[in-house]
Amino acid sequence: MPVLVMKFGGTSVATLDRIRRAAKRVGREVANGYDVIVIVSAMSGETNKLVGFVGETSPLYDAREYDAVVSSGENVTAGLMALTLQEMDVPARSWQGWQVPLQTTSAHGQARIVDIPTDNISAKFGEGMKVAVVAGFQGISPEGRITTLGRGGSDTTAVAFAAAFDAERCDIYTDVDGVYTTDPRITDKAQKLEKIAFEEMLELASLGAKVLQTRSVELAMRYKVKLRVLSSFEEYDPNAGTLICAEEDIVESRVVSGVAASREEAKMTLTSVADQPGIAAAIFGPLADAGINVDMIVQNISDEGRTDMTFSCPTDQVKRAEKALADAKAAGLDFAELIADTGVAKISVVGIGMRSQSGVASKMFKVLSEEGINIKVIATSEIKISVLVDRKYTELAVQALHDAFELDKVA
Ligand code: ADP
Ligand code: ASP
Ligand code: MG
(Lines give C-alpha, C1' and ligand atoms only; values in the text may rest on other atoms or scores of the structure.)
(Ligands and ions follow the chains in the order given, each with its own letter.)
Protein backbone atom coordinates (compact mmCIF):
# COMPACT_ATOMS: atom_id res chain seq x y z
CA MET A 1 0.00 0.00 0.00
CA PRO A 2 1.27 3.52 -0.69
CA VAL A 3 1.90 5.54 2.45
CA LEU A 4 0.65 9.07 3.07
CA VAL A 5 1.76 11.28 5.97
CA MET A 6 -0.81 13.77 7.30
CA LYS A 7 0.21 16.22 10.02
CA PHE A 8 -2.35 18.19 12.01
CA GLY A 9 -1.17 21.29 13.86
CA GLY A 10 -2.47 22.62 17.16
CA THR A 11 -5.48 24.54 15.85
CA SER A 12 -6.53 21.51 13.78
CA VAL A 13 -6.80 19.36 16.93
CA ALA A 14 -7.82 22.13 19.34
CA THR A 15 -11.18 20.53 20.27
CA LEU A 16 -12.76 17.08 20.09
CA ASP A 17 -14.88 18.38 17.24
CA ARG A 18 -11.83 19.41 15.25
CA ILE A 19 -10.16 16.08 15.94
CA ARG A 20 -13.26 14.42 14.45
CA ARG A 21 -13.02 16.67 11.43
CA ALA A 22 -9.36 15.82 10.96
CA ALA A 23 -10.12 12.11 11.45
CA LYS A 24 -12.69 12.29 8.65
CA ARG A 25 -9.99 13.51 6.29
CA VAL A 26 -7.78 10.66 7.38
CA GLY A 27 -10.63 8.21 6.81
CA ARG A 28 -11.07 9.54 3.29
CA GLU A 29 -7.41 8.89 2.45
CA VAL A 30 -7.70 5.37 3.89
CA ALA A 31 -10.69 4.87 1.58
CA ASN A 32 -8.49 6.17 -1.27
CA GLY A 33 -6.20 3.20 -0.63
CA TYR A 34 -3.45 4.65 1.57
CA ASP A 35 -1.81 3.43 4.73
CA VAL A 36 -1.73 6.67 6.68
CA ILE A 37 0.72 7.96 9.25
CA VAL A 38 -0.90 10.80 11.17
CA ILE A 39 1.36 13.16 13.11
CA VAL A 40 -0.39 15.29 15.72
CA SER A 41 0.60 18.42 17.61
CA ALA A 42 -0.69 19.24 21.07
CA MET A 43 -4.02 21.07 21.27
CA SER A 44 -3.46 24.72 20.46
CA GLY A 45 -2.15 26.71 23.43
CA GLU A 46 -1.21 23.56 25.34
CA THR A 47 2.55 23.62 24.66
CA ASN A 48 2.74 27.33 25.56
CA LYS A 49 1.01 26.58 28.84
CA LEU A 50 3.46 23.77 29.63
CA VAL A 51 6.49 25.91 28.69
CA GLY A 52 5.10 28.58 31.04
CA PHE A 53 4.81 26.07 33.91
CA VAL A 54 8.45 25.05 33.46
CA GLY A 55 9.73 28.64 33.36
CA GLU A 56 7.75 29.55 36.48
CA THR A 57 9.02 26.52 38.35
CA SER A 58 12.65 26.88 37.35
CA PRO A 59 13.99 29.84 35.32
CA LEU A 60 17.24 28.11 34.30
CA TYR A 61 15.52 24.74 34.07
CA ASP A 62 17.05 21.29 33.51
CA ALA A 63 16.30 20.78 29.81
CA ARG A 64 15.63 17.05 30.33
CA GLU A 65 12.73 17.83 32.63
CA TYR A 66 11.55 20.61 30.29
CA ASP A 67 11.21 17.92 27.63
CA ALA A 68 9.43 15.54 30.01
CA VAL A 69 6.82 18.24 30.62
CA VAL A 70 6.37 19.93 27.24
CA SER A 71 6.24 16.68 25.23
CA SER A 72 3.13 15.58 27.10
CA GLY A 73 0.61 17.66 25.10
CA GLU A 74 1.12 15.48 22.04
CA ASN A 75 0.46 12.28 24.01
CA VAL A 76 -3.08 13.43 24.68
CA THR A 77 -3.96 14.27 21.07
CA ALA A 78 -2.34 11.09 19.71
CA GLY A 79 -4.53 8.93 21.93
CA LEU A 80 -7.65 10.95 21.22
CA MET A 81 -7.07 10.83 17.46
CA ALA A 82 -6.62 7.04 17.56
CA LEU A 83 -9.83 6.68 19.61
CA THR A 84 -11.73 8.94 17.21
CA LEU A 85 -10.60 6.87 14.22
CA GLN A 86 -11.57 3.65 16.00
CA GLU A 87 -15.02 5.12 16.63
CA MET A 88 -15.24 5.61 12.85
CA ASP A 89 -14.28 1.94 12.34
CA VAL A 90 -10.86 2.84 10.98
CA PRO A 91 -8.22 0.47 12.45
CA ALA A 92 -5.80 2.81 14.23
CA ARG A 93 -3.46 2.96 17.19
CA SER A 94 -1.27 5.65 18.74
CA TRP A 95 2.50 5.73 19.20
CA GLN A 96 4.53 7.97 21.43
CA GLY A 97 7.96 8.90 20.10
CA TRP A 98 9.84 6.42 22.31
CA GLN A 99 7.61 3.55 21.21
CA VAL A 100 8.51 3.92 17.53
CA PRO A 101 11.30 4.53 18.65
CA LEU A 102 12.06 7.91 17.08
CA GLN A 103 15.73 8.23 17.99
CA THR A 104 17.22 11.68 18.47
CA THR A 105 20.38 13.36 19.70
CA SER A 106 20.46 14.31 23.38
CA ALA A 107 20.26 18.07 22.68
CA HIS A 108 17.20 18.50 24.90
CA GLY A 109 14.72 21.14 23.78
CA GLN A 110 16.17 21.17 20.28
CA ALA A 111 17.05 17.56 19.54
CA ARG A 112 17.67 16.35 16.01
CA ILE A 113 16.25 13.16 14.58
CA VAL A 114 18.86 10.44 14.10
CA ASP A 115 16.78 7.49 12.94
CA ILE A 116 13.21 6.26 12.56
CA PRO A 117 13.12 2.45 12.41
CA THR A 118 10.11 1.46 10.31
CA ASP A 119 9.71 -2.19 11.35
CA ASN A 120 7.27 -1.75 14.26
CA ILE A 121 4.78 0.37 12.36
CA SER A 122 5.20 -1.54 9.07
CA ALA A 123 4.45 -4.79 10.86
CA LYS A 124 1.20 -3.33 12.18
CA PHE A 125 0.25 -2.10 8.70
CA GLY A 126 0.91 -5.69 7.57
CA GLU A 127 -1.58 -6.93 10.18
CA GLY A 128 -4.35 -4.67 8.86
CA MET A 129 -3.86 -1.49 10.87
CA LYS A 130 -4.70 1.42 8.56
CA VAL A 131 -3.55 4.43 10.53
CA ALA A 132 -0.54 4.93 12.80
CA VAL A 133 -1.11 8.04 14.89
CA VAL A 134 2.24 9.36 16.10
CA ALA A 135 2.76 12.03 18.73
CA GLY A 136 4.75 14.77 17.00
CA PHE A 137 7.59 16.86 18.43
CA GLN A 138 9.08 14.10 20.63
CA GLY A 139 11.65 11.33 20.57
CA ILE A 140 14.09 9.45 22.73
CA SER A 141 17.78 10.17 23.35
CA PRO A 142 20.59 7.59 23.38
CA GLU A 143 20.40 7.86 27.20
CA GLY A 144 16.76 6.80 27.10
CA ARG A 145 15.31 10.19 28.04
CA ILE A 146 12.39 11.89 26.29
CA THR A 147 13.50 14.67 23.96
CA THR A 148 11.69 17.38 21.99
CA LEU A 149 12.57 18.81 18.60
CA GLY A 150 12.16 22.55 19.20
CA ARG A 151 9.02 24.64 18.81
CA GLY A 152 7.05 23.69 15.73
CA GLY A 153 8.83 20.33 15.76
CA SER A 154 5.84 18.24 14.70
CA ASP A 155 6.41 19.49 11.14
CA THR A 156 9.83 17.87 11.30
CA THR A 157 8.43 14.66 12.74
CA ALA A 158 6.04 14.54 9.78
CA VAL A 159 8.67 15.08 7.09
CA ALA A 160 11.06 12.62 8.74
CA PHE A 161 8.35 9.94 8.76
CA ALA A 162 7.57 10.69 5.11
CA ALA A 163 11.25 10.17 4.27
CA ALA A 164 11.60 7.02 6.39
CA PHE A 165 8.47 5.39 4.93
CA ASP A 166 9.05 6.69 1.40
CA ALA A 167 5.59 8.28 1.55
CA GLU A 168 3.88 9.47 -1.57
CA ARG A 169 3.38 12.90 0.01
CA CYS A 170 3.57 14.77 3.31
CA ASP A 171 0.53 16.98 3.89
CA ILE A 172 0.83 19.63 6.61
CA TYR A 173 -2.67 20.63 7.70
CA THR A 174 -2.80 23.97 9.50
CA ASP A 175 -4.98 27.04 10.06
CA VAL A 176 -4.02 28.79 6.77
CA ASP A 177 -4.63 27.35 3.32
CA GLY A 178 -1.00 27.52 2.21
CA VAL A 179 2.22 29.49 2.29
CA TYR A 180 1.65 33.20 1.70
CA THR A 181 3.86 36.06 0.52
CA THR A 182 3.90 37.12 4.16
CA ASP A 183 2.09 36.20 7.37
CA PRO A 184 -1.59 36.77 6.45
CA ARG A 185 -2.14 37.96 10.03
CA ILE A 186 0.04 41.00 9.31
CA THR A 187 -1.56 42.14 6.06
CA ASP A 188 -4.66 41.02 4.21
CA LYS A 189 -2.83 41.82 0.99
CA ALA A 190 -0.76 38.65 1.49
CA GLN A 191 -1.18 36.27 -1.45
CA LYS A 192 -1.18 32.50 -1.37
CA LEU A 193 1.64 30.95 -3.38
CA GLU A 194 0.81 27.93 -5.50
CA LYS A 195 4.43 26.76 -5.29
CA ILE A 196 7.53 27.86 -3.45
CA ALA A 197 11.11 26.65 -3.82
CA PHE A 198 12.72 24.70 -0.95
CA GLU A 199 15.49 27.31 -0.62
CA GLU A 200 13.02 30.18 -0.28
CA MET A 201 10.85 28.29 2.19
CA LEU A 202 13.96 27.43 4.18
CA GLU A 203 14.89 31.11 4.51
CA LEU A 204 11.33 32.25 5.23
CA ALA A 205 10.96 29.58 7.92
CA SER A 206 14.25 30.36 9.60
CA LEU A 207 13.46 34.09 9.50
CA GLY A 208 10.16 33.79 11.33
CA ALA A 209 7.47 32.40 9.00
CA LYS A 210 6.49 29.72 11.47
CA VAL A 211 4.11 27.98 9.06
CA LEU A 212 6.82 25.29 8.76
CA GLN A 213 9.68 24.48 11.12
CA THR A 214 13.00 25.21 9.39
CA ARG A 215 14.37 21.74 9.98
CA SER A 216 11.33 20.15 8.30
CA VAL A 217 12.09 22.08 5.11
CA GLU A 218 15.76 21.04 5.30
CA LEU A 219 14.77 17.39 5.57
CA ALA A 220 12.21 17.61 2.77
CA MET A 221 14.85 19.18 0.53
CA ARG A 222 17.45 16.57 1.38
CA TYR A 223 15.16 13.53 1.01
CA LYS A 224 13.04 14.95 -1.83
CA VAL A 225 9.82 14.66 0.12
CA LYS A 226 6.78 16.00 -1.68
CA LEU A 227 5.65 18.56 0.88
CA ARG A 228 2.35 20.41 0.87
CA VAL A 229 0.82 22.96 3.25
CA LEU A 230 -2.97 23.20 3.33
CA SER A 231 -5.91 24.10 5.54
CA SER A 232 -7.73 21.57 7.68
CA PHE A 233 -10.82 23.81 7.64
CA GLU A 234 -11.51 24.06 3.92
CA GLU A 235 -13.53 21.60 1.89
CA TYR A 236 -11.58 18.62 0.53
CA ASP A 237 -9.75 19.49 -2.69
CA PRO A 238 -6.92 17.28 -3.98
CA ASN A 239 -5.11 20.32 -5.47
CA ALA A 240 -5.40 22.61 -2.46
CA GLY A 241 -2.58 24.37 -0.69
CA THR A 242 1.00 25.25 -1.51
CA LEU A 243 3.57 22.79 -2.83
CA ILE A 244 7.14 23.19 -1.58
CA CYS A 245 9.25 22.02 -4.50
CA ALA A 246 12.55 22.20 -6.35
CA GLU A 247 13.48 25.48 -7.99
CA GLU A 248 13.29 23.90 -11.46
CA ASP A 249 9.60 23.12 -10.94
CA ILE A 250 8.68 26.79 -10.68
CA VAL A 251 8.02 28.37 -14.03
CA GLU A 252 7.79 32.09 -13.41
CA SER A 253 10.61 33.38 -11.27
CA ARG A 254 10.18 36.26 -8.87
CA VAL A 255 12.87 38.53 -7.49
CA VAL A 256 11.23 38.62 -4.06
CA SER A 257 8.85 35.83 -2.99
CA GLY A 258 8.12 36.78 0.55
CA VAL A 259 8.61 38.97 3.60
CA ALA A 260 9.19 37.37 6.99
CA ALA A 261 9.08 38.86 10.47
CA SER A 262 10.31 37.49 13.74
CA ARG A 263 9.40 39.22 16.97
CA GLU A 264 11.32 36.73 19.04
CA GLU A 265 14.69 38.38 18.52
CA ALA A 266 16.95 40.08 21.00
CA LYS A 267 19.87 42.37 20.24
CA MET A 268 22.75 41.77 22.62
CA THR A 269 25.66 44.20 22.85
CA LEU A 270 28.93 43.65 24.68
CA THR A 271 30.51 47.04 25.31
CA SER A 272 34.17 47.90 25.50
CA VAL A 273 35.49 44.50 24.48
CA ALA A 274 39.27 44.15 24.30
CA ASP A 275 39.90 44.10 20.53
CA GLN A 276 42.54 41.41 20.15
CA PRO A 277 42.99 38.15 18.23
CA GLY A 278 40.79 35.39 19.63
CA ILE A 279 38.18 37.69 21.13
CA ALA A 280 35.35 36.50 18.86
CA ALA A 281 36.16 32.89 19.71
CA ALA A 282 36.26 33.78 23.42
CA ILE A 283 32.76 35.26 23.18
CA PHE A 284 30.99 32.93 20.77
CA GLY A 285 32.61 29.72 22.05
CA PRO A 286 30.85 29.86 25.44
CA LEU A 287 27.61 30.95 23.73
CA ALA A 288 27.77 27.93 21.41
CA ASP A 289 28.52 25.64 24.36
CA ALA A 290 25.41 27.03 26.09
CA GLY A 291 23.32 26.16 23.02
CA ILE A 292 22.62 29.77 22.05
CA ASN A 293 21.52 30.22 18.42
CA VAL A 294 23.45 33.33 17.47
CA ASP A 295 22.31 34.80 14.17
CA MET A 296 23.57 38.24 13.19
CA ILE A 297 26.99 39.45 14.39
CA VAL A 298 28.43 42.94 14.09
CA GLN A 299 31.74 44.18 15.41
CA ASN A 300 32.14 47.94 15.55
CA ILE A 301 35.31 49.80 14.65
CA SER A 302 37.72 49.81 17.46
CA ASP A 303 38.70 52.82 19.52
CA GLU A 304 41.93 52.64 21.51
CA GLY A 305 41.91 48.87 21.48
CA ARG A 306 38.30 48.55 22.68
CA THR A 307 35.26 47.76 20.56
CA ASP A 308 31.56 46.89 20.85
CA MET A 309 30.33 43.51 19.67
CA THR A 310 26.63 43.04 18.83
CA PHE A 311 24.80 39.82 18.10
CA SER A 312 21.22 38.65 17.88
CA CYS A 313 19.64 35.56 19.43
CA PRO A 314 16.11 34.31 20.21
CA THR A 315 14.49 36.14 23.14
CA ASP A 316 13.93 32.92 25.07
CA GLN A 317 17.68 32.35 25.13
CA VAL A 318 18.60 35.74 26.59
CA LYS A 319 18.84 34.50 30.19
CA ARG A 320 21.11 31.65 29.18
CA ALA A 321 23.28 33.94 27.05
CA GLU A 322 23.63 36.37 29.96
CA LYS A 323 24.66 33.55 32.26
CA ALA A 324 27.18 32.12 29.76
CA LEU A 325 28.80 35.54 29.27
CA ALA A 326 28.79 36.35 33.00
CA ASP A 327 30.60 33.05 33.61
CA ALA A 328 33.04 33.83 30.78
CA LYS A 329 33.68 37.27 32.30
CA ALA A 330 34.40 35.72 35.67
CA ALA A 331 36.87 33.44 33.87
CA GLY A 332 38.67 36.42 32.30
CA LEU A 333 36.71 37.55 29.22
CA ASP A 334 37.45 41.29 29.03
CA PHE A 335 34.35 43.46 28.43
CA ALA A 336 32.51 46.19 30.34
CA GLU A 337 28.80 45.46 30.07
CA LEU A 338 26.25 43.24 28.36
CA ILE A 339 23.18 45.16 27.18
CA ALA A 340 20.16 43.09 26.15
CA ASP A 341 17.63 44.84 23.92
CA THR A 342 14.57 42.58 23.82
CA GLY A 343 12.42 45.12 22.00
CA VAL A 344 13.53 44.37 18.46
CA ALA A 345 12.15 42.44 15.49
CA LYS A 346 13.89 40.94 12.49
CA ILE A 347 12.33 41.79 9.12
CA SER A 348 13.54 39.96 6.03
CA VAL A 349 12.85 39.85 2.32
CA VAL A 350 13.53 36.55 0.57
CA GLY A 351 13.71 35.50 -3.07
CA ILE A 352 15.86 33.30 -5.30
CA GLY A 353 15.65 35.96 -8.01
CA MET A 354 17.97 38.13 -5.86
CA ARG A 355 20.87 36.00 -7.03
CA SER A 356 20.71 37.63 -10.43
CA GLN A 357 19.09 40.97 -9.65
CA SER A 358 20.81 43.80 -7.81
CA GLY A 359 19.18 46.71 -6.02
CA VAL A 360 16.93 44.77 -3.66
CA ALA A 361 18.86 45.83 -0.56
CA SER A 362 18.95 49.51 -1.48
CA LYS A 363 15.22 49.44 -2.24
CA MET A 364 14.51 47.79 1.11
CA PHE A 365 16.55 50.41 3.00
CA LYS A 366 14.87 53.25 1.12
CA VAL A 367 11.38 51.93 1.86
CA LEU A 368 12.17 51.64 5.57
CA SER A 369 13.71 55.10 5.72
CA GLU A 370 10.65 56.61 4.04
CA GLU A 371 8.57 55.12 6.85
CA GLY A 372 10.95 56.62 9.41
CA ILE A 373 12.11 53.19 10.58
CA ASN A 374 15.66 53.06 11.88
CA ILE A 375 17.73 49.99 10.97
CA LYS A 376 19.83 48.66 13.86
CA VAL A 377 21.61 45.69 12.29
CA ILE A 378 21.78 44.34 8.71
CA ALA A 379 22.62 40.86 7.46
CA THR A 380 22.48 39.47 3.95
CA SER A 381 22.92 36.20 2.12
CA GLU A 382 22.54 35.20 -1.50
CA ILE A 383 18.74 35.11 -1.38
CA LYS A 384 17.75 37.21 1.65
CA ILE A 385 18.25 40.56 3.35
CA SER A 386 17.43 40.91 7.04
CA VAL A 387 17.32 43.93 9.30
CA LEU A 388 16.69 44.44 13.00
CA VAL A 389 14.29 47.27 13.83
CA ASP A 390 12.28 48.40 16.85
CA ARG A 391 9.58 45.79 17.42
CA LYS A 392 6.80 48.38 17.36
CA TYR A 393 7.48 48.83 13.63
CA THR A 394 7.00 45.15 12.72
CA GLU A 395 3.63 45.50 10.96
CA LEU A 396 4.50 48.81 9.34
CA ALA A 397 7.79 47.47 7.96
CA VAL A 398 6.22 44.26 6.61
CA GLN A 399 3.31 46.10 4.99
CA ALA A 400 5.55 48.76 3.41
CA LEU A 401 7.95 46.13 2.00
CA HIS A 402 5.10 43.91 0.80
CA ASP A 403 3.69 46.90 -1.12
CA ALA A 404 7.05 48.09 -2.44
CA PHE A 405 7.96 44.68 -3.88
CA GLU A 406 4.44 44.33 -5.30
CA LEU A 407 3.79 41.04 -3.58
CA ASP A 408 0.07 41.74 -3.62
CA LYS A 409 0.25 41.14 -7.38
CA VAL A 410 2.03 37.79 -7.14
CA ALA A 411 -0.89 35.39 -7.30
P1 ADP B 1 0.26 24.76 13.41
O2 ADP B 1 -0.23 24.87 14.80
O3 ADP B 1 -0.74 24.16 12.46
O4 ADP B 1 1.61 24.13 13.29
P5 ADP B 1 1.46 27.38 13.19
O6 ADP B 1 0.81 28.41 14.04
O7 ADP B 1 2.72 26.78 13.68
O8 ADP B 1 0.38 26.26 12.88
O9 ADP B 1 1.72 27.96 11.73
C10 ADP B 1 0.67 28.54 10.99
C11 ADP B 1 0.74 30.06 11.12
O12 ADP B 1 1.91 30.53 10.46
C13 ADP B 1 -0.38 30.80 10.41
O14 ADP B 1 -1.49 30.94 11.23
C15 ADP B 1 0.26 32.15 10.07
O16 ADP B 1 -0.15 33.18 10.95
C17 ADP B 1 1.75 31.92 10.28
N18 ADP B 1 2.54 32.36 9.13
C19 ADP B 1 3.65 33.12 9.21
N20 ADP B 1 4.14 33.38 8.02
C21 ADP B 1 3.36 32.76 7.12
C22 ADP B 1 3.38 32.67 5.70
N23 ADP B 1 4.33 33.25 4.95
N24 ADP B 1 2.41 31.93 5.08
C25 ADP B 1 1.45 31.33 5.83
N26 ADP B 1 1.39 31.39 7.18
C27 ADP B 1 2.33 32.10 7.83
N1 ASP C 1 3.32 21.44 20.10
C2 ASP C 1 4.66 21.83 19.72
C3 ASP C 1 4.78 23.34 19.67
O4 ASP C 1 3.82 24.04 19.94
C5 ASP C 1 5.09 21.21 18.44
C6 ASP C 1 4.24 21.55 17.26
O7 ASP C 1 3.08 21.89 17.39
O8 ASP C 1 4.74 21.46 16.14
O9 ASP C 1 5.82 23.87 19.37
MG1 MG D 1 3.57 24.86 13.65
Applying the selection to the range 178-192, what residues are within 16 Å of ligand 3 (Cβ to nearest atom), open to solvent by 10 Å² or more (accessible area, probe 1.4 Å) and either of a type outside the set (Phe, Trp, Tyr) or touching a helix residue (DSSP H, G or I) at 6+ places or on another chain (Cβ under 6 Å) (or both)? 183, 184, 185
If you take the residues of the range 108-121 that are open to solvent by 50 Å² or more (accessible area, probe 1.4 Å) and in a loop (DSSP other than H, G, I, E, B), which of them is modelled with the highest pLDDT? 112
Only unsatisfied item for residue 272, checking (1) farther than 30 Å from residue 357 by Cα; (2) in contact with a helix residue (DSSP H, G or I) (Cβ under 9 Å, 6 or more places away or on another chain); (3) open to solvent by 20 Å² or more (accessible area, probe 1.4 Å); (4) of a type in the set (Gly, Ala, Ser), is (2)
Top-ranked residue of the range 162-177 - restricted to ones that are outside any strand (DSSP E or B) and near ligand 1 (Cβ under 10 Å from one of its atoms), ranked as most open to solvent (accessible area, probe 1.4 Å): 175
The one condition in (1) closer than 20 Å to residue 146 by Cβ; (2) open to solvent by less than 40 Å² (accessible area, probe 1.4 Å); (3) in contact with a Leu (Cβ under 7 Å, 6 or more places away or on another chain) that residue 69 fails to fulfil: (2)
Scanning the range 147-189 for residues that are more than 20 Å from the chain's Cα centre (by Cα) and of a type outside the set (D, E, K, R), which turns out farthest from ligand 2 (Cβ to nearest atom)? 187
Quick one: what pairs do we get from the range 239-260, first residue more than 20 Å from residue 380 (Cα to Cα), second within 16 Å of ligand 1 (Cβ to nearest atom) and among the polar types (S, T, N, Q), C-beta under 8 Å, 6+ apart or different chains? 240/231; 241/231
Candidates 47, 15 - the one that is of a type in the set (S, T, N, Q) and crowded, with 16+ Cβ neighbours inside 10 Å: 47
Return the residues of the range 122-136 that are open to solvent by less than 40 Å² (accessible area, probe 1.4 Å) and aliphatic (A, V, I, L, M); say none if nothing qualifies. 129, 131, 132, 133, 134, 135
What single numbered condition from (1) open to solvent by 10 Å² or more (accessible area, probe 1.4 Å); (2) free of Cβ contacts under 8 Å to residues at least 60 places away in the same chain fails to hold for residue 28? (2)
Residue count, the range 273-328, condition charged (D, E, K, R) and farther than 26 Å from residue 149 by Cα, comes to 6
Per the filter on the range 137-156, residues within 14 Å of ligand 1 (Cβ to nearest atom), open to solvent by less than 10 Å² (accessible area, probe 1.4 Å) and touching a Leu at 6+ places or on another chain (Cβ under 8 Å) are 137, 155, 156
Qualifying residue in the range 315-322 (condition: in contact (Cβ under 8 Å) with a residue 60 or more places away in the chain and assigned to a strand (DSSP E or B)): no
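The values are calculated or read from the model by the stated rules, or taken from the named source; none is laboratory data. Values in this document were obtained by computation on a predicted structure and should not be read as measured data. Reconstructed Cβ throughout: ideal geometry from the backbone, glycine too, with neighbour counts over all protein chains shown. These area figures cover heavy atoms from the full protein model, side chains too; ligands, DNA and RNA do not enter into them. Shrake-Rupley method; radii C 1.70, N 1.55, O 1.52, S 1.80 Å.
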